[in-house]
Amino acid sequence: MSRSSRRKQDALVTSLLDKGLVRFALGERDEAIDFWQRALEHNPRSSRARDYLQSVGAITRDELDELGATTSEVAPVEEAPADLKSSPPVDSLVPPFTEELPAYSSGDVSSAAEFDPDEETQDLETLTTDVEVLLGQARDEEGAGNLEAALTKADEALKREPDHAAANALAGSLKKRLSEEYRKELEPLESVPFLRATDASILELSLDPIGGFLISQIDGEITVEELLTILGTFDEFRVLSSLHFFLENGIIELRA
């Protein structure tokens, strides 16, 4: 498997694991297990998937062995940790729109026996993709109405060339359009957001600073409009994208 393919698979597995954590935090154990099992199917050696499934008693060591995990990699089945019983930690409930691309190094090829010319050529081509190509892909995604995917491409271009005028302009335009869409999802702004989770431990989930502050302010009384005013000093796009993620994933609900 090429390096670019591995990155895509790792991103998919991470997404499935985090979605499972959100469902578990909301008390939806079966849905969480489904996400974690799918993650394990994509990567049978995922330590996170194995740990989560073992902790909730959804899979045994023998079953893990059948999936290809080696004896040395499989941890003994233990009682579920206290934090997972109620609300397991997550790296970040608010997924970034960008992803760091690892730098290529000749040290990645450890020996001639491991060298695959076709694979290395593909990796080099991926890592040296021209900014203009990324911008072209971003514009294609924008034209298809996939604004979030378009922003991901634009941000990738900016990682390669932070001062690129066209990339900055496109990223700014996409964030403005997405902010408008996210704001519409929250209307009427007089609505009051409520946490769907019945366990207050959801407040202990590992969020980024904006996501954590947002969750801490949701008390069943403050309106969306008041919430946006309180967070007015923060980056508007990040605030709205965080609220969009919470709403889309059922972490919060809006009531009149």
Added length on full extension, which subtracts the Cα-Cα distance from 0.36 nm per residue, Asp235 to Thr60: 58.5 nm
Cα centroid separation, region 14-56 to region 234-254 (Å): 22 Å
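Please report, to one decimal in angstroms, the Kirkwood hydrodynamic radius of region 22-62 built from all distinct Cα-Cα pairs.
Details: mean 1/r = 0.0986 Å⁻¹.
Its Kirkwood hydrodynamic radius stands at 10.1 Å.
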For Ile252, distant residues with modelled amide H under 5 Å away: Arg196, Leu247
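Mind sorting Phe237, Phe246, Phe194 by how few other Cβ atoms lie within 10 Å of their own Cβ, fewest first? Display every interim value, and only then the final one.
Details: Phe237 18, Phe246 23, Phe194 14.
Fewest to most other Cβ atoms nearby, the residues stand as Phe194, Phe237, Phe246.
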Inter-label distance for Glu248 and Ala11, nm, one decimal - labels placed 7 Å from Cα along Cα-to-Cβ: 1.4 nm
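Give the calculated FRET efficiency between Glu190 and Phe213 to the nearest 0.05, with a Förster radius of 25 Å applied to their Cβ-Cβ distance.
On the way: r = 21 Å, r/R0 = 0.86.
So, using R0 = 25 Å, E works out to roughly 0.70.
The numbers here are math on the coordinates, done by the rules we state, and not lab data. Worth saying up front: this structure is predicted, and the values here are computed from it rather than measured. Ideal geometry is used to build each Cβ from the backbone, glycine not excepted, and the neighbour counts take in all protein chains shown.
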